[in-house]
Structure formats: C-alpha cells, structure tokens
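These notes concern the structure reproduced below.
Since every read-out is calculated from the coordinates, none of them should be taken as a lab result. Note that this is a predicted model, so its numbers are computed, not measured. Don't worry about glycine lacking a Cβ; one is built from the backbone with ideal geometry, like all the others, and counts go over all protein chains shown.
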Amino acid sequence: MHKVVAFLIFASVNVIVFGQSLSPGQIGNNQVLCYRSAPQTLSFLIQPTGGTPPYTYRWQRSNNGSDWYDITGTTAQRQTYSPPVLGKTAHFRCRVTDNVSASATTNAVSISVATDLIAPVIGTDQTIYNGTAPVPLIQVTEASGGSGSYSYRWQVSDDGLSWSDIPGASAPGYSSGALIEDRWFRQWVIDAACGSTAGNAIRISVNPITLFTSEIPNSFYAWIRWDFGTQFEPLVNGVIVSARIFTGVDEAGLHQVRFWRQNDQSVFELIAGPYDWSFTPGTQGWREFNLPAPLTVEANRNYIVSVTNSENNQYWSHSNSFSPLVSNEYIRYIRSGGGGIGTVPLQELLHPQECFFRDVVFVPFSAGSAGQNQITCYNSMPSALTESVPASGGSGNYVYQWQSSADNQNWVDIDGATGPEYQPPSITSSTYYRRAVMSGDFTSYTSSVFINVNNPFPLAQFQSSISIYDNTSTNLSVDITGGTPPYTVEYTINDTSSFTIPNYQSGADINTGLLTAGTYKFEITSVTDALGCHPLSSGTPITVTVSGINPVSHNRNALVMFNSGSTLYYTGYVNFIKPYLDWFGIPYDTYDVNSAEPLPDLSDYALLILGHREVYTNAYPLTQLETAISGGTGLYSFDPHLFDFPSAFCEHVGSHPGFSSSEIRFNTTHYITEAHTNDIYNPANDTIATKAPLQVGAYSYDLIDNTVLASLGTSDNNEALMQVAEYGDGRIVKWNSYQWTFDEYLGPVWGMDDLLWRGIVWAARKPFVMQGLPPMVTMRVDDVDDRSREMVNLEWISICNNYGLIPWVGVFTVPEGHDPDGFFPKLKTFVDNNLATASPHSFTYHRLIYYNMSSDPQFSAVDNVIEARNTFTTNGIAISNFLVPHYYYLTADALPGIRDMGVEFLGTKIPYDPVPYPGNWLNNKPYRINRNGWAGTGIPHFYADSINWLNTPFFLCLSEIGDDGTTTSQYEWYPGTGSVDSVIARGVRHLRRSLNSMTLPVLFTHEDQLTMTSSEWHQIISGVTTGVSPYNPEYKSTDDAVKYIRAKSNLMIRAVGSNNGLVTISVAGINDMETKCYLFTEAGGQITHRLVTLPRVQNKAIPVNICVND
C-alpha cells in the first residue's frame, strides 16, 4: 500500500514543476517624453514564471520597433532598467532566461520623444510716431515641439536687457497701445509638459511727431526783435509737450514761448505762455523746450506756436520759400509769420512763403467718447454713460476721473467715479458730465454730455365736473402741470371702459361721445409725457351728470336776410357774400324777403345779416329791427339802402354825393381792424389799394354816433366804407359798399376778409360760435432734388424742423442737385421721422410726369406715373397723400394713376389739359363759384373742396398768396431775393394774410430759391416764426392740414343755443376726424375766444349735439 501511494505523489509533483513552460512576465509602461528628457525606470509589472528558476535578464533596445539589439553593461542584466536621456523615440524589452537556458522576451515598451520646444517668431522691429500704437505683434511663425499644448506670456523691456511680465498679456498676439518711448517686446511659450522658452525680441522705436523733419534754414538774421510763429492744424486730438526752434550757432539769450488758438470768429487768442526760455550759444540745429504742462489741442482747429528771439541777441533762422518735405497724418503745417511781442505773429517779414522754424512736439491723445446727451425724468436716474470710443494715444495706460458741471465751464471731480464708464445718480437739475483721462503726464477730456432733466411733473387733473342734457356730449380736458408734451392720457369711465388719448396737449378738448341719462365718473389712470415720465399725482375723478331734455334756449344762430327777386343784387350775395359765410362756418338760418313766409322774430337771433344791397326796396321792418337790436341782437349789413330811411339808429346828416377811390384806409384801434396795425413787417398795413376804384353811393342818412373803421380815399378826401355803432344793447356794422369782395376790385384773401368775420363776431350776441379755421402753419417747397447751393444734404429741412415747420416737398424724381445718388436716402430719413412729406413733382425741371409739355410722341402719362411711383417705392419713401404737379400741369390720363398712388388731395388752380396755359382758374369752392379769372401769378388763390374729374375723386386744396412777391414776380415767397429782414417780413405777411383770412397758411417757395447760407436761413425761419407767434399757430404737415380742411368742409354747425351758462352746439355732416370751432365770449368789452373740439360725425341724417360751458 505504501509503495502505491508514494508513486502517485511523485507523479503529481512532476507535472506541476517540470511540465510548465517559461513565461517572461510583463514590463511597463509606454512613455511620452520631452526632448532630451530621461525616461522613467522600466520594471516588471508581472514577474516571470515557469521554466527552471533562477532567471537571468538582458534588456534590449530597438529604434524602429523591429530590429533589436542587446544593451551592454551590467545595468542591462538587472530586473529593472533606467534608459538614458533620449533624443528620439526608442523601444525596450527584456529577454528572460531560466536555469536550463530556456529564454523568452517580454512585451515591448515604446518611449516616444517630442521634438524640441521652439518659441514663435513675432516679427521684426518697428518705428512709430510718438503717442501712436505700433502694428499689433503677432506670431509670424507659430510655436512648435513639445507636447503641442501651449500657453503664452508677453514681456516688455525699457532697454532690451531687463524684462518684466505684462499683466494679462497671455494671448498669441499682443497690441501694446500707444507708446511715447522706445520699448522691446518678446513672447514666452509655455508647453503643458515640456517647459518654456522665450522667442525673439523686437524693438519699437518711437519718433517724435513734429512739423519739421530734415528741413534746415538757408540763412540766419539778427536785425529785429520779433515774435516768430508757425500756424498749424492738429488732424487728431492730442497734446503738445514741447516747443522747438532751429538755431544758428550764435543764437542765445532769453526767448519767450507762446501758444495761440483760433476761436469761432476766426480770431487767434493766447491760450498758453509766455514761458521764459534761456539757452547759451554753441548749437546749430534744433533746440527743444519742454512745456511746464502738456497743452491739449483739438483736431481740425488752427493754432500758432510762437517763440521770440532774444532782446540782446536778435538772431533767428529763416527761409524765403518753404514747404514741408514730409507730411504726416497727425499734424499739418500751414504757414509762418511774425509780429510785435505779444501780438498774433502772422505778418510777413520779407516774403510770402518765408519760414522761421518754430515747431512743436505733438503726441496724439484722445479721451475717446463716453455717454450721450439724454433727457431724463425729474428726480430719476439717467442711463449709464457707457464708453463708445475708448481712449487712445498718450502712453497707452489710462486712469479715469469723471467730472460734473452745472454750466459746462466749472468742473468738479465726482468721488469714486474712476472707471471708464459712469452711472449718474438720480438728479433734479440738468447737469453736464465728462470723463477726464490721464495717461502719464497727459490729461484729456471727452466731449461733455448734457443730461437734461425734465420739468417737475407734479399733477394731471381732469377739468371739470359738468351737468349736460340727455343724448348730448361734452368736452373735458386734462390740466397737466409740468412734464414735456405731447402726453399720452389714459382714463376710465365708471371704472370700466378704458380710453387712451395719444399726442395730447394740456387743456385740449376730449369729447365724451354721446351720453344718455346717468352719472359718469371720469378718472385718469395714467399720463405719460414725451420723455416717458409720469406725474406725481393723477388728480381726482370728475363727474358728468346727464339728465333732462335741452330746454328752449337763446338762439345763437345768425339770420341771413336776402331777396331772391332782386335781379341786380341777389347774385352778388350768392356768388360773393354767401361763400364767406359758408367758409367761415357761420351758423345761420335764412329769410328770403321774396318768399311768402312771415318774418321770424328777429330778437330770437344772435345776429342779423343783410346779405346784399336793397334787400327791401323801401318797406324795411324798421320797428322789428329796432326792437331786436336794442335788445342785444347784432346787425351786420351789406345793405346801405337800409340807412336811407330814418330810424332809431339812423339820423339825417345832409346830402353826400357818391364817391369813388382805389385807396382804403383803416382805423386800427378797434377789434374788427386791429390786425391792420402798421409794424416792421408791413409799415403800410393800414392801407389797401384796390385794382379798380370802389364806389360809395350818395346818402343823406347815417348811423348815429358811428365810428368809421374803413374809409375810402385819402386822409384829406374820403368817405366811410365801413362803420360801426351801438344801439341799446346791440351793435351795428354797416358796409357802404361791398364791391371789394368782387374779383375785379379785390376779392377773397386780398387782405380784407378778416373785417368780415371779425365784424360778425363783434356785432353778434355772445356767446357766439363759428367754425373758422384754427391757426395752422404749413410749408411747401417745389422742385426739390437737393439743389440748394449753400445748404447741401437737405440741411434746410433740418433747420425748418428746428422751428417746428414740416415741409411738403415736390420732388424731382431724377435728381440733378448735390449728390444725386445720396438724395433719396437723405430724403427718406426726413420722411420716416415725420419731419417732411414728399410727392413726385416732375422727373426734372423740363421733363414732366403728368403732362406732355414738350409734345413728345412717346409720352405716356400712365407709364410716367408708374415710373414715378416706383422710384419712391424702390427707395422706401412713403408718398404724401397731397400732390402738386409741376407748373400745375395735369393730363386726364394721369388722374387714375395718381389716385392709385394713394393721393387724395390735389393742389392746383387750373383744369386738367389746360388750353391755353394757364388760362382761366378752376371754379371751385369756397370762393370761386360761377366766376372766371386769370389763373396765373399776381393774385391770391385758395381752394378747399371736393372735385371729381372723370370719375376720379380728389379733394382740391391750394393756398397761395400770389400778390406779394418780388418786384419782378408775385408768384411765391421768394426767400432768395432781398435782404434777410425783407424776406422775413414777406414771409410773415404771407402767413398773416392767410391767418387773418382763415385760409391755410403756407410758406411756399422752390428749392432753387434757397440760395442763402444756413446761418441766414436760421435767421429767416426764426424771424418768420417769431413774427406769427402771436397767433399761437400749430405747425402741421401739409398732409395733416389738408385732411383737417376736408373734415371741416364736410361738417356744418346747424344750430347753437345757450341756457344758464351752457352752450349747445349741433353739428351735422359726415367726416373722418375731430375738428374745432371758435367759441367767442365777451366780458367788460373784451372779446375772447377758445377752440372747442367738435366730435367726428358719421351719419349725415343724425346731428350730434355737444354741450360746453360758455
């Protein structure tokens, strides 16, 4: 049994020990090394096994991974191996041999060696001007070698030997900013694994910026003591650090240095110096004087540096004919000159182009730009003053200090405001800010920024509670204190319905709309001014109480009396008097004496108007007239025959024969005639010359205690034309002739229309209402393509805008003026910002769009209109809804295309396809009805009415004062002809004529008339707007004005009544916007008025009633 067991154990051991082959184990690991670095020691990660121990070792190397050789030496016989420093990639393994000489090799380990780390090349040396920046330093050749993962740092040196790191400079490239001294730069490359190395160094050499370079004088003189100067112009902002002069070897002694600056009036003023400068002889060449403090100079402004010669040694350098050899982009030489000590040194000494070699050292340095002008609400925080242009020049290193000023002259530092940007605190007064920038010894300032603080905005309050009748409306207003108009007002009615009123002006009417019986609370919820500011308080609510039916009230209408059976005079009323009443919007009833109707109660009316001569042949209702007038009803009579009979207001004055004259003279001390007072704009405003002599008939009765307001004839020989008197509580206006309303004598808009409406207002019982026309001022300029010689780039429009004017421009769509390519973009800016409106006027001066003036067989009005429209469309310019054709020429074929362009309003005074030109005027309202006349120049024109040509509807509106032009033409304003004062006066006369006549006031001219300078145009527009300021006009675009006139023309005041201080106005018609009417009241003999808003009316059959306090 023992033998068997022993045999079995022996067999088992033999399999384990002697049956396993040799395993060499495993070495590690692969390595990546920097160039010329020692690898880590190689060792076994898994020990050898198998075979017959013990083992021996021999390390092997391969340079390509396939051909191996044994490493000699004892170190290669150990179980570990330390490879030497490697310059290239190598492979290693170990051969393991057991005790019976069986051998095996381990895995191979690769040791990769990176190439040598090489720094980038950053370019070559540069030379720059003082205070300028070099070309940015970039890597001409990139870094290479190492691990390939790089970072950088830049260094700077004053001498190329001692280096210091530049904080924050870690990018591949570097921009140093401006330099004022030589500097050296280099770049280090840092590899993520293989260390760092420095690249090449480059030098930036800094040359001073001077006017003179290598020029030298050709002579030296010594026979006068003078202050010699050089005039120069900086082309960029900067500082002067030194003055220089070129001296001969003998020049010496005390010199004085001064600097001068040209002001806005082109006068040189001393700004620095005199500085004393003494030196000894012995130097021929440039000498330099360092200023006590750098002198800041502005770009594009003229300066002089002057340096005297010495009193005892009077040498100076001189050249007879000089021009700089080298120019630069920073400072420009202009000329040299001389003068007595302390005077501006610009006189010639010997020759026109002489030079005295006075120079400066200039350093470009700009504080940049930060912030912009803004308007902010009272006691609120303005927007931050952010940097838009960084500081530049100087030494390139900047320190900041913000300053504030109340007057833009005296500045104080703001504590803690030392960054490039600044956030002002909440402010309650307008303040200027600027940024001071320090760079080394230099200081420069940004342009000041003005923060305009809005007016205090304490309150907005509805005005005021009122009680009105059922099914009427009323006007409310908001009294706004402070802020900047226009405002946006939001309010509620009874806490529910919400309404928004944009572009609101304080005190303007807000119509409530039709209200039925009930109580309505109106409460402001928000008011926002033009600057986005809100009032501290929106006030308290008000109440509109609506109840009851409008009781019988005092009739405030006029009664117009006429006789349709009068073959001599009735047509005069229809054609010449009635158009005035209708245009002025006088609310009136009529009574035709020729009818069978009974005479109404005359006392029921505010005013009686006798519409023409001989309304009655003889049986005037004198008793009724006396009763009505004495009770307060006014009488306005165009019928002098009424006064041929004795009455309570008329007396016998003896026989007066008929009289005629072409001269009308006014007594301007009365309400009716006060607008005819002489002034600087019209020294003869109190007289008018008619085209033909007016006749006043013979008479023997006249008004008792009358005042003559207009007389016919000279001061020595005249008769009354217009008289006024009072009888009882009533007033009487008497015309002894109304021939002036006929076109052959004067006609509408010739300067007497105001006597008609003012006379009606004066005579009528108050309160009295009429539509009239609110004071609006517009501007029309034809033939526009930027052809003004002095005000290019449409500068004249900007100047007009400064004074509120919004010009309508008739455009030449093929521009031939200044910068034709830039014309439409500039025009678009004005149109887009509601600063002008524009329409196609003509292609060019001689090539018309809308009419074949040149008899061109290829002419097509249809194609022309499309071409003109496309020009505006292509350039993105909105076409005005008002159009005036060149020369007023229109052909029928053009009409549909014009309408399709969106044009609703036409400005012309002649029919389409006129033969001959201009021929007779158009017959259209308000005045030219059934009468013909010359349509050319020399007379005023006014149209405002619908017109339908060939089933193409337009609203016709044209307003021209055509009789007050230059001595050679009476067509327009002609601002380019005459002195500034005469042009202002003519413009004021044009506008006043229309304002007094209640027609549309238009400053009308052509762009080729704008021959004046921008300064003169400022004076003219300022003078004209000042001249009409007593009228408190609203400046409107022509588009808005003609739209208003159309709305006014489509509305009629049917009736006016008053009761217990409440005026009820009934209006009828159909229009597309609110309009206004005049409400006249009187107290203590003083007549005043206010404008009352009339609501939009949308149904001709249903009048709208509005109630307002009188």
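So the values come out like this:
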{"item": "Long-range amide H partners of VAL593 with built H, under 5 Å", "result": "PHE562, ASN563, SER564"}
{"item": "The range 126-207 - convex hull of the alpha-carbon atoms, volume per residue in Å³", "result": "85 Å³"}
{"item": "With eigenvalues of the C-alpha gyration tensor scaled by 5 and rooted, the range 762-849, Å", "result": "36, 15, 11"}
{"item": "Tail fraction, Cα-Cα pairs, the range 560-640, threshold 15 Å, whole percent", "result": "55 percent"}
{"item": "Within the range 373-395, backbone nitrogen closer than 17 Å to the virtual label 7 Å beyond the Cα of SER430 toward Cβ", "result": "373-380, 382-383"}
{"item": "For the chain, size of Cβ-based charge dipole, Lys and Arg +1, Asp and Glu -1, in debye", "result": "4140 debye"}
{"item": "Spin-label model distance (nm) - GLU288 vs ILE414, 7 Å beyond Cα toward Cβ", "result": "3.8 nm"}
{"item": "Per-residue ³J(HN,Hα) for the range 212-218, Karplus 6.51 cos²θ - 1.76 cosθ + 1.60, θ = phi - 60°, Hz, x for Gly and Pro", "result": "9, 10, 9, 5, 9, x, 9"}
{"item": "Sites LEU599 and ASN1109 - FRET efficiency at Förster radius 30 Å, r taken between beta-carbons, to 0.05", "result": "0.35"}
{"item": "Identified option (computed Rg/Rh (Cα atoms, Kirkwood Rh); candidates [x] 1.23; [y] 1.08; [z] 1.01)", "result": "[x]"}
{"item": "Separation in nanometres of the label points that stand 7 Å from Cα toward Cβ, at GLN126 and THR492", "result": "6.7 nm"}
{"item": "Net lengthening on full extension, ILE46/GLN314 (0.36 nm per residue, minus Cα-Cα)", "result": "86.4 nm"}
{"item": "All-pairs Cα distance distribution in the range 331-402, expressed in whole percent, bin size 10 Å", "result": "14, 25, 18, 20, 16, 7, 1"}
{"item": "Rg/Rh ratio calculated on Cα atoms of the range 554-765 (Kirkwood radius)", "result": "0.94"}
{"item": "Distance from the range 63-93 to the range 1047-1099 (C-alpha centre basis), Å", "result": "114 Å"}
{"item": "Whole-Å semi-axes of the ellipsoid equivalent to the range 76-152 (Cα gyration tensor, √5λ, descending)", "result": "54, 9, 8"}
{"item": "Environment charge at GLY897 (Cβ cut-off 12 Å; Lys +1, Arg +1, Asp -1, Glu -1)", "result": "-2"}
{"item": "Computed E for ASN452/PHE499 - FRET, C-beta separation, R0 41 angstrom, nearest 0.05", "result": "0.85"}
{"item": "Cα-based Rg and Dmax for the range 369-453, where Dmax is the largest Cα-Cα distance (Å)", "result": "12.7, 41"}
{"item": "Dipole of the chain, positive direction: furthest Cα of ILE680, TYR35, LEU906, with charges on the beta-carbon", "result": "TYR35"}
{"item": "FRET E, pair ILE1070, THR677, Förster distance 41 Å, beta-carbon r, rounded to 0.05", "result": "0.50"}
{"item": "Computed lengthening from ASP819 to ASN923, 0.36 nm per intervening residue step minus Cα-Cα distance", "result": "33.3 nm"}
{"item": "Protection proxy ranking of 1095-1104, 717-726 - average other beta-carbon atoms within 10 Å, highest first", "result": "717-726, 1095-1104"}
{"item": "Nonlocal amide H pairs with VAL903, under 5 Å, H built at 1.01 Å", "result": "none"}
{"item": "Pairwise centroid distance, computed over Cα atoms, of the range 249-327 with the range 736-772, Å", "result": "75 Å"}
{"item": "Directionally averaged shadow of the range 1051-1109, computed from the convex hull of its alpha-carbon atoms, nm²", "result": "4.1 nm²"}
{"item": "ASN328-LEU1091 pseudo-label distance in nm [points 7 Å out on the Cα-to-Cβ vector]", "result": "6.2 nm"}
{"item": "Radius of gyration and maximum dimension Dmax of the range 929-980, Cα, Å", "result": "14.7, 48"}
{"item": "Phi-based couplings in Hz for the range 916-928 (Karplus 6.51, -1.76, 1.60; Gly and Pro marked x)", "result": "x, 9, x, x, 6, 5, 5, 9, 7, 5, x, 10, 8"}
{"item": "Which of THR540, THR49 has the fewest Cβ neighbours within 10 Å, and the rest in rising order", "result": "THR540, THR49"}
{"item": "Kyte-Doolittle mean at least 1.6 and Cα axial length at least 15 Å: DSSP H helices in the chain", "result": "2-18"}
{"item": "Amide N of the range 443-475 lying under 14 Å from the label point, which is placed 7 angstrom from the Cα of GLN374 along Cα→Cβ", "result": "449-454"}
{"item": "All-pairs alpha carbon distance profile, the range 219-365, 5 Å steps from 0, percent", "result": "2, 10, 20, 25, 21, 14, 6, 1, 0"}
{"item": "Cα-based Rg / Dmax (Å) for the range 799-939", "result": "16.1, 48"}
{"item": "Value at 222 nm in deg cm²/dmol, rounded to 500, when DSSP H runs of n ≥ 4 in the chain each add -39,500 (n - 2.57)", "result": "-3500 deg cm²/dmol"}
{"item": "Cut-off 10 Å between beta-carbons: net charge of the residues surrounding GLU421, Lys and Arg +1, Asp and Glu -1", "result": "0"}
{"item": "Residues listed by number, the range 1007-1039, amide nitrogen under 18 Å from ASN833 label point at 7 Å toward C-beta", "result": "1018, 1036-1037"}
{"item": "Total formal charge among the other residues, if their Cβ is under 15 angstrom from that of TYR491, Lys/Arg +1 and Asp/Glu -1", "result": "-4"}
